[in-house]
Each structure stands twice: as structure tokens, then as C-alpha cells.
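A.B. asks: I have a structure I would like to understand better, so I am pasting it below and will then ask my questions one at a time.
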Amino acid sequence: MKFALIGHPVAGSLSPRLMAAAYDGRHSYRLLDFERFEDAWKAFVDGYDGINVTAPFKQDAFARVDELSPQARATGAVNLVVRQADGFVGYNTDVDGVMMALKETGIAFKEALVVGTGGAARAAVHAAQLLGCQVTVTGRSLEKAVALGCPAVSFGEAAALHPDVILYTLPGRVSVPEGLPFADAVVLEAEYRIPQLTGVPCRQYVSGRRWMLGQAVAGYRIFTGEEPCVEKMEKVL
């Protein structure tokens, strides 16, 4: 079976190595880097059984598929698409990745602050809600933060909050906003290639690699109908 990751940029993604480890190289996995979603989608349709979708195409994929999983519908974003006989089905396994990463801490969280407003933030909001958290969102655009359907605050207002977990989804190329209340919180950072928060004083830092592993395990099951080898995937990470 043939799979790929679409997005821009995708160089440096661990996805091909994770797929190879998961199934001992029995399935092919490529990186497809396109600036335009239409070009990326055509490449998928022309030659692949399924794709992972990363920034900036998660909302584009949501609008293009024929059927949505419950998690994809709840988040308004798609990060995995599978070709079926009667069309394309979209999923959001980022939700699974967030939930796995947070459950691994062994902590029951009550108050979550999601930093960012893109596709990863949408998954973070839904995952935190499924874990029973009250969620507040902050971002560079207050209007976009409000659109996620939770209480929304500016970066300055977020400084006065006391969350026990912060789900940080801003891209690695973006400067970390000043004053965010990291000190007493568990911090899960989505970005694993260019992390910005590895040294931030906090209760516990959780790498985006745990998020990625969780979404990959869930996604590869959907792709193939087979159980991936999680131990070998962890060795890659």
C-alpha cells in the first residue's frame, strides 16, 4: 500500500521512518511538499491509498473529503484521508495524539489553556474537552480564538490564568508570546522539529514527539487495518 504526507513545508518529518518501523517497511510512505493544496490533492488522488495532512492544508482537506469521522467533524480539521470505494474519508488523529500524550503524564487535568488557533489547536481543544477539561483559547487573533467555541482571551489576559495544562500549538518559527502562565502547568508543545519551549520553567514539559507518536499509531491503524509496532516506532523517536 502507498501512503504520503502532504503539506508545506514537510522536509524533516519523521513520518516515513515511523511508517517503516511500524510495519517493517512493508508499506511505502513519501513526503509530498506543495505550496498549493490543489496540487497536493491531485498527487494523492493520482497515486496513493491514504495521506496524512499537515499545515497549512488541514481545513482544505476537511472541505474536500466526502465523509468525516466524528473527531474530524468536531474539530473542523482533517489530518488523515483514506481512499474508499465510494469516496474519501477524513479523520483527525491529532485528537488521539493529544489524549495519549496527556494520559501518559498520569495527571487528571481540570483547566486547559490552548495557545494557537489553527488545525492543531482545534484538535487540542477537542482532546482536552474529551478529558474533562474546561478550555480557554488564546492566539494572535482573538477573532480566530473565539471561533474555536471556547472562552477566548488575549495573550495579555492569558497571563492571569492558572491552567494545569497548556497545549501550545504555535509554529516553531513564531516567537513565544511573553507572560504565558507556564510555571505551574504541564506544557505539551505540538512542534517537535523546531521546539521553542524545551527549557521553559514549568511543572512538566511534554515533547510534541509524544503527540506525533499517538496520532501516528492511531493513523496507521486506520490506513492499514493492522496494528503497528509501537516499540519500533518509539525507537525512531
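A.B. asks: Exceeding 23 Å between C-alpha atoms, which entries from my cross-link table qualify? They are K58/K144; K42/K144; K2/K42. Don't skip to the answer; put the middle values down first.
C.D. replies: On the way: K58/K144 16 Å; K42/K144 29 Å; K2/K42 15 Å.
Going by Cα-Cα distance, K42/K144 fall outside the 23 Å limit.
A.B. asks: What are the trypsin sites (Lys or Arg not before Pro) within region 101-165 that DSSP puts in a loop, where the Cβ has at most 15 other Cβ atoms within 10 Å?
C.D. replies: Details: sites: K103, K110, R122, R140, K144; in loops: K110, R140.
Loop-located and lightly packed - K110, R140.
A.B. asks: Please list, ordered by chain and number, the residues whose modelled amide H lies under 5 Å from the amide H of V137; skip anything fewer than 5 residues away on the same chain.
C.D. replies: Hits under the 5 Å cutoff: V114, A152, V153.
A.B. asks: Moving on. I need the shape label for the chain. Rule: rounded when a/c is under 1.5, else prolate if a/b > b/c, else oblate, with a, b, c from the alpha carbon gyration tensor. Each step should come with its number before you reach the end.
C.D. replies: Values: a/c = 1.87, a/b = 1.53, b/c = 1.22.
The shape class here is prolate.
A.B. asks: Provide R36, R210 ordered by accessible surface of protein heavy atoms (probe 1.4 Å), highest first.
C.D. replies: Working: R36 130, R210 65 Å².
Of R36, R210, the descending order of accessible area is R36, R210.
A.B. asks: Let me have the relative contact order for region 28-163, percent, based on Cα pairs under 8 Å that are six or more residues apart. List each step's numbers first, then the result.
C.D. replies: Details: 209 pairs, mean separation 22.1, N = 136.
Once normalised by length, the contact order is 16 percent.
A.B. asks: Moving on to the next point. Counting only C-alpha contacts under 8 Å and six or more residues apart, can you give the relative contact order of the chain as a whole percent?
C.D. replies: Numbers: 497 pairs, mean separation 40.5, N = 237.
RCO, the chain: 17 percent.
A.B. asks: Still on this structure, I have one more. Residue by residue, what Karplus-based ³J(HN,Hα) values in Hz, rounded to whole numbers, does region 158-168 have, using 6.51, -1.76 and 1.60 with θ = phi - 60° and x for Gly and Pro?
C.D. replies: Listing the rounded values in order: 5, 4, 8, 7, 10, x, 8, 9, 10, 9, 9 Hz.
A.B. asks: Per DSSP H run of n ≥ 4, the term is -39500 (n - 2.57); total these for the chain, divide by its residue number, and report the mean residue ellipticity at 222 nm rounded to 500 deg cm²/dmol.
C.D. replies: Numbers: 10 runs with 87 residues, N = 237.
Result for the chain: -10000 deg cm²/dmol, rounded to the nearest 500.
A.B. asks: Percent of accessible area on region 67-164 owned by carbon and sulfur, 1.4 Å probe? Walk me through the numbers on the way to the answer.
C.D. replies: On the way: 2200 of 4270 Å².
Roughly 52 percent of what the probe reaches on region 67-164 is carbon or sulfur.
A.B. asks: On to the next question. Determine ³J(HN,Hα), in whole Hz, for all residues of region 78-86 in sequence, where each value follows from phi through the Karplus function 6.51 cos²θ - 1.76 cosθ + 1.60 and θ = phi - 60°; x replaces Gly and Pro.
C.D. replies: Karplus-based 3J(HN,Hα) across region 78-86 equals 10, 10, 8, 10, 10, 7, 10, 4, 10 Hz.
A.B. asks: Over region 179-230, with the other protein chains present, what is the accessible area per residue in square angstrom, probe 1.4 angstrom?
C.D. replies: Numbers: 2160 Å² over 52 residues.
In whole numbers, region 179-230 has 41 Å² accessible per residue.
A.B. asks: Quote the charge dipole size of the chain about the Cα centre in Debye, to the nearest 20; the model charges only the Cβ of Lys and Arg (+1) and of Asp and Glu (-1). Write down the numbers at each step before the final one.
C.D. replies: Details: 23 positive and 26 negative charges, 54 e Å.
Dipole about the Cα centre, nearest 20: 260 debye.
A.B. asks: Out of region 176-210, which GluC sites (Glu not before Pro) are coil in DSSP terms and have no more than 12 other C-beta atoms within 10 Å? It would help to have the intermediate numbers written out before the result.
C.D. replies: Numbers: sites: E178, E189, E191; in loops: E178, E191.
The qualifying sites are E178.
A.B. asks: Antiparallel as a % of all DSSP beta bridges within the chain, to the nearest 5? Please list the in-between numbers first.
C.D. replies: Values: 8 of 38 bridges.
Taking every DSSP beta bridge within the chain, about 20 percent pair in antiparallel fashion.
The values are calculated or read from the model by the stated rules, or taken from the named source; none is laboratory data. Model, not experiment: these values are computed from the prediction. In this analysis, Cβ positions are derived from the backbone assuming ideal geometry, glycine residues included, and neighbour counts consider all displayed protein chains. SASA here: full protein model, heavy atoms, side chains in, ligands and nucleic acids out. Shrake-Rupley method; radii C 1.70, N 1.55, O 1.52, S 1.80 Å.
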